[in-house]
Amino acid sequence: MDTFDTNTVTDCLLEPVFAVRTNGNIAFVNARLLELTQVSQDTAIGSEIGWLEQFVADGFDRLHHTITSVSRGETADQRVNLEMRHPPSAPVPRQLTAEARVAPLIRDGELLGALVAIRDITVQRQRRERLHVLSRTLRHDIRNQLNVVLGLDEITAELEDEQKQKRVEKAVEATECLYAMTEKTRLIERQIAGEPDHSSQNLIQIVSAAAAEIRGGYPDAVIEDPVTESAHGEVTNAFATAVEHVIRNAIEHNDSPEPRVEITVAESLGGEYIDVRIADNGPGIDPKQAEIAEGERQMDQSTMHLDGLGLWTVRWVVQNCGGNLTFASNAPRGTIVTLRVPRAEESGSPA
């Protein structure tokens, strides 16, 4: 089999790619970057990245800092969001949203610099913004109408017909449930909207903070924190909300006289991942809901309710972190929920 030339392979990519040496000079640019910038290879090779600033409307300083940090071995893989303009000389240049991924460039164990790949995410961002506006508008109108129905609760006591009174009470209960659903969707939208912002975070601190928050609202429940001092994972900021939801869910649906939740955090798969394991002594999870949360079953009319939506959100968050969500039976009763995410070095530590 013929040996592939690295330049030939990268020139076939539709995304702009370039490499920067540890001294800050550009060592390589692919054909796509040259095509978009209209800069010659002779001009680009050996220069610093300053000439790229004319194409970046916002985020160039962050990009420059990240490239410098990664090329010197101070940080591992990083993602930087950019607002681009193309072409910059046009009277009204096209505005683009892009994501630059910066990774260490290593050969034979030696750090040579940083490799940068720029991906256009304009369409994804616009679609997300439009869905956000639509969701916010619908939710606002629904909540206004629900408030009208909830007002019936005030006149229920005045009804002399007991049957009518019960019907109104059921309507109010259903409305309260629907109102809670709008609150849940608002939380989901806030937590998973936007591009995932990954970073190395101490999972022990995340778990302990979530446990402390929930413990205050359920004084009769026993929540055992992990004993490990530190375990870092590559997660998004929404991961903390996912952990809190699982712990709260384990308490709220627990029918045991002494609700108990035990949380452990440990490395798995040869140290490549960190498992946050949340075990309870409750009644167990509905198999259908577990299949939905694990991605093995689509949500349908029979399973589309508040609890399933919450676990579905947890799966979204964990997947955005590059991990997975699993369920198992606890002994003698209960459920074990495991949130598995990639292990990361402590911030500031060498990768």
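What follows is calculated from the coordinates using simple rules that are stated; it is not laboratory data. These numbers come from a predicted model, not from an experiment. Counting neighbours? That spans all protein chains shown, and the Cβs are built from the backbone with ideal geometry, glycine included.
I'd like the projected area of the stretch 202-272, averaged over all directions, using the convex hull of its alpha carbons. Report it in nm² with one decimal. Spell out each step's value before the answer.
On the way: hull surface 20.6 nm².
Hull-based average projected area comes out at 5.2 nm².
Using 0.36 nm per residue, how much length does the chain from Asp61 to Lys170 gain when fully extended, once their Cα-Cα distance is taken away?
Values: separation 109, 0.36 × 109 = 39.24 nm, distance 5.77 nm.
Result for the pair: 33.5 nm of gain on full extension.
Put a dot 7 Å past each Cα toward the Cβ at Glu252 and Leu14; how far apart are the dots in nm?
In this crude label model, Leu14 to Glu252 measures out at 4.2 nm.
Could you calculate the contour length gain from Thr122 to Ser69, that is, 0.36 nm times the residue separation minus the distance between their Cα atoms, to one decimal place in nm? Spell out each step's value before the answer.
On the way: separation 53, 0.36 × 53 = 19.08 nm, distance 2.65 nm.
Length gained between Thr122 and Ser69: 16.4 nm.
Treat the count of other C-beta atoms within 10 Å as a stand-in for reagent exposure and order Ile49, Ile285 from fewest to most.
Values: Ile49 18, Ile285 23.
In order of increasing Cβ crowding within 10 Å: Ile49, Ile285.
Once the convex hull of the C-alpha atoms of the stretch 199-342 is built, how many Å³ does it hold per residue, rounded to a whole number?
Cα convex hull per residue, to the nearest whole number: 106 Å³.
Find how many whole Å separate the alpha carbon centroid of the stretch 68-113 from the alpha carbon centroid of the stretch 309-325.
Answer, in whole Å: 27.
Compute the distance in nm between two label points, each set 7 Å from the Cα along the Cα-to-Cβ direction, one at Glu162 and one at Ser329.
4.4 nm
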